[in-house]
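One structure is given here, and the rest of the page talks about it.
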Amino acid sequence: AVPLLSVQDLTMTFPGRRSVTGRRGAPVRAVDGVSFDLAAGQTLGLVGESGCGKSTTGRMLVRLLEPTSGRVAFEGKDISRLSQGAMRPLRKGIQMVFQDPHSSLNPRQTVARIISDPLLVQGWSAGDARRRAAELMELVGLIPEHIDRYPHEFSGGQAQRIGIARSLSTSPRLIVADEPVSALDVSVQAQIVNLMERLRAELGLAYVFIAHDLSVVKRVSDRVAVMYLGRIVEIGDKKSLYENPQHPYTRALLSAVPLPDPAAERRRERIVLLGDPPSPAAPPPGCTFHPRCPKAQPLCRTERPLLRPAAAREVACHFPGD
Ligand code: SF4
Ligand code: MG
């Protein structure tokens, strides 16, 4: 069967910034050869530190950004080069939820207008779109009588429910959620993750769920991809990746996920990475993770490891495993 979403060798290169002297810096490869498939009704968690290219990847998946090269096929159709006009009928099937709900909602529009906007673009009548908006408010746990209120009258968690309702308006098959809970209070994060998980089960949605740590995506993901400096360094099904991470970077990210059992939490070793991720404008040679990797060998400084099968998943490391 054709996968819902098929991503092949996706790359995004931004022109270098101009310095004060007017010289242009080297081009920055923000996303470098990302490939994966996603089946209908499944969730891929896409995880990495800020600046690793996960948001840029997300924006290419929904054709808000045109990739420099590579291909994004939705239900078998390549959308990566479509114009915004040609993309319009396909927008029904692919929607996005953004990180900061308040800044992604127009403060001068009522909730009715915000949620029905994608429907009006698709040619719905104002009355039908408003009725659908009220239904969607109920579906995401908002009070439909609040339909004529403005975003500032809602809390952060409620505002994200509005963003989710908007993304659901056209009955999409795929939602790309770019850190949908990172801007919310910790106490609210689990509620929104649980809501998204319930909606997925009820509506048969697929998600690409972007997050900067592995704890947030654990509940919702079927598979997880870990990104570092524009590349996927490990991708596999959730269970094997969490139980037996193969890439040293995945192991470090996982060691920061709190364990529910306090005794296990006390025994567990924390892997603390040295320094910040390097700039994508000047990636280190060989394995780009080598300056921070506790397992780095001389080979790692010269040879770039490619993604290849290891322990029932794919890993880009010369020395995967323990
Ligand atoms: Fe570490 Fe070498 Fe593996 Fe890179 S290739 S993650 S430096 S062990
Ligand atoms: Mg981001």
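The values are calculated or read from the model by the stated rules, or taken from the named source; none is laboratory data. The structure presented is a predicted model; accordingly, all values stated were derived computationally and were not measured. Every residue, glycine as well, gets a Cβ built from its backbone with ideal geometry; the counts of neighbours run over all protein chains shown.
Does LEU307 count as modelled with pLDDT under 95 and either among the hydrophobic types (A, V, I, L, M, F, W, C) or within 25 Å of ASP9 (Cβ to Cβ) (or both)? So LEU307 does not fit the description; no.
Within segment 230-252, residues that are touching a residue at least 40 places away in the same chain (Cβ under 8 Å) reach partners that are surrounded by fewer than 19 Cβ atoms within 10 Å (Cβ to Cβ) and part of a strand (DSSP E or B) with beta carbons closer than 6 Å, at six or more positions or on different chains, in the pairs GLN246/ALA310.
Scanning segment 246-274 for residues that are of a type in the set (A, V, I, L, M, F, W, C) and assigned to a helix (DSSP H, G or I) yields a total of 5. Contact annotation: residue pairs with Cβ atoms under 7 Å, 6 or more positions apart or on different chains, pairing a residue in segment 177-189 that is farther than 18 Å from GLY45 by Cα with a partner that is within 16 Å of ligand 2 (Cβ to nearest atom) and not in a strand (DSSP E or B), are LEU184/GLN160. One residue stands out among those in segment 19-56 that are among the acidic types (Asp, Glu) and under 22 Å from ASP78 (Cβ atoms): the one that is farthest from ligand 1 (Cβ to nearest atom), which is ASP37.
Among the residues of segment 208-224, not a single one is assigned to a helix (DSSP H, G or I), under 22 Å from ILE115 (Cβ atoms) and touching a Gly at 6+ places or on another chain (Cβ under 9 Å).
Filtered by the rule that a residue be part of a loop (DSSP other than H, G, I, E, B) and touching a residue at least 12 places away in the same chain (Cβ under 8 Å), segment 305-322 gives PRO305, LEU307, ALA311, ALA312, ALA316, CYS317, HIS318, PHE319, PRO320, GLY321.
Contact map, segment 282-304: first residue at positive phi and part of a loop (DSSP other than H, G, I, E, B), second residue surrounded by 12 or more Cβ atoms within 10 Å (Cβ to Cβ) and not hydroxyl-bearing (Ser, Thr, Tyr), Cβ cut-off under 6 Å, separation 6 or more or different chains; pairs are GLY286/CYS300; GLY286/ARG301; GLY286/GLU303; GLY286/ARG304. Would a scan of segment 139-160 turn up a residue that is touching a Pro at 6+ places or on another chain (Cβ under 8 Å) and closer than 23 Å to LEU61 by Cα? Looking through segment 139-160, at least one residue is touching a Pro at 6+ places or on another chain (Cβ under 8 Å) and closer than 23 Å to LEU61 by Cα.
Taking segment 225-245 as the range and being in contact with a helix residue (DSSP H, G or I) (Cβ under 8 Å, 6 or more places away or on another chain) and part of a loop (DSSP other than H, G, I, E, B) as the test, only PRO245 passes.
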